[in-house]
Amino acid sequence: MSVKEKKFKKKKLGSYPFVSVIFSITLALFVIGLFGLLVILTDKLTQNIQENVEMQVFLNKDLSNNEVTKISKTLSSKDYVYVKNEIPQVTTITKQEAAKQFIEETGEDFVSFLGDNPLRDVVVLKIKPEFHLSENLAEIKKEIATIRGVYEVTYIENLVNSINENLAKISVVLIGFSLILFLVVAILINNTIKLALFSQRFLIRSMQLVGATSTFIQKPFLIRASLYGFISGVLAVAILGVLLYFANTKIEGLSELQSNDKLLILTGIILVLGTVVGFISTFAAIKKYLKLSLDELY
């Protein structure tokens, strides 16, 4: 008759169920990464909207081509004009071009009917986002109106004010929500690690009883927790990458709202956040167990 021996798995210092820990931390980091991705897309969309705020400068009818060109160059040199790829975003639309465009869109040749082109040459300039406050735009309008040859300066004031108000509201909401989300994620990761370490509390006490120092006890836990946090960050980034790739194939123009630099920064934040929060939560939990009495451990 054979004797069956029961084999008990020996607990190792610093080890605890890693699957549940990594799953929980990955889920938490994925949520904060998803919100970070939303912030990046919102920021890029906001930037695109702001870059397209235009001011139209209507010129006098009796100006020569050289005078029109001179006014255009003068406006291009202003510090409030938006510059893209080192090119000032200033466009001149002649009255002939404007008439041609109007005829193509409406199908009515008003020039032949009137015997003259009543339109004016227009210089359209895009304004830098930092000059979008109503006071700044009013000052710019006043300054341009003093340039010789300028007949009138216009921009859609109500639209600009509406954009500024909505952007301010969105910024407040995003900042508030990000702080709350960060706090929730930090608490979730902290509680997950505390629960995982709960099964190790008696092993920690045993190490204390045989004379192990606090540093010796903490070291394997901290290394493992940091590693789990980093792995969770990698998994969260991978899931986000797959989700973003799938979204780009389904939503037209979504890729244009993404910034590779900001996506790299978000990746770094997720990896660092997983590692740091895992380390700090483990350090706090072990420190707590090291101070508890035997009765309190039960």
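Where a number appears in this text, it was derived from the coordinates with a stated rule and is not lab data. Remember, predicted model here, so these are calculated numbers, not experimental data. Virtual Cβ from ideal backbone geometry, glycine too; neighbours counted across all protein chains shown.
See the values below:
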| quantity | calculated |
| --- | --- |
| Exposure proxy order (Cβ contacts within 10 Å, fewest to most) of THR74, THR215, THR26, THR154 | THR215, THR154, THR74, THR26 |
| Residue (of LEU167, PHE246, GLY229) at the positive-pole extreme of the stretch 140-267, dipole from beta-carbon charges | GLY229 |
| Linear extension gain, ASN52 paired with LYS250, 0.36 nm per residue minus alpha-carbon span | 68.7 nm |
| Extension reserve of the THR213-GLU130 stretch, reckoned as 0.36 nm per residue once the Cα distance is removed | 24.2 nm |
| Modelled FRET efficiency - R0 22 Å, LEU264 with ILE187, Cβ distances, 0.05 increments | 0.20 |
| Extension reserve of the ALA138-ILE87 stretch, reckoned as 0.36 nm per residue once the Cα distance is removed | 15.9 nm |
| Ascending count of other beta-carbon atoms within 10 Å, so fewest first, for SER77, SER259, SER232 | SER77, SER259, SER232 |
| Residue order, fewest to most beta carbons within 10 Å, for TYR82, TYR228 | TYR82, TYR228 |
| Ordering of 135-145, 270-280 by packing [mean C-beta count within 10 Å, highest first] | 270-280, 135-145 |
| Simple spin-label estimate for LEU243 and GLU157 in nanometres, 7 Å along Cα-Cβ | 4.4 |
| Cα-projected label distance for SER77 with SER64, points at 7 Å along beta-carbon direction, nm | 1.9 |
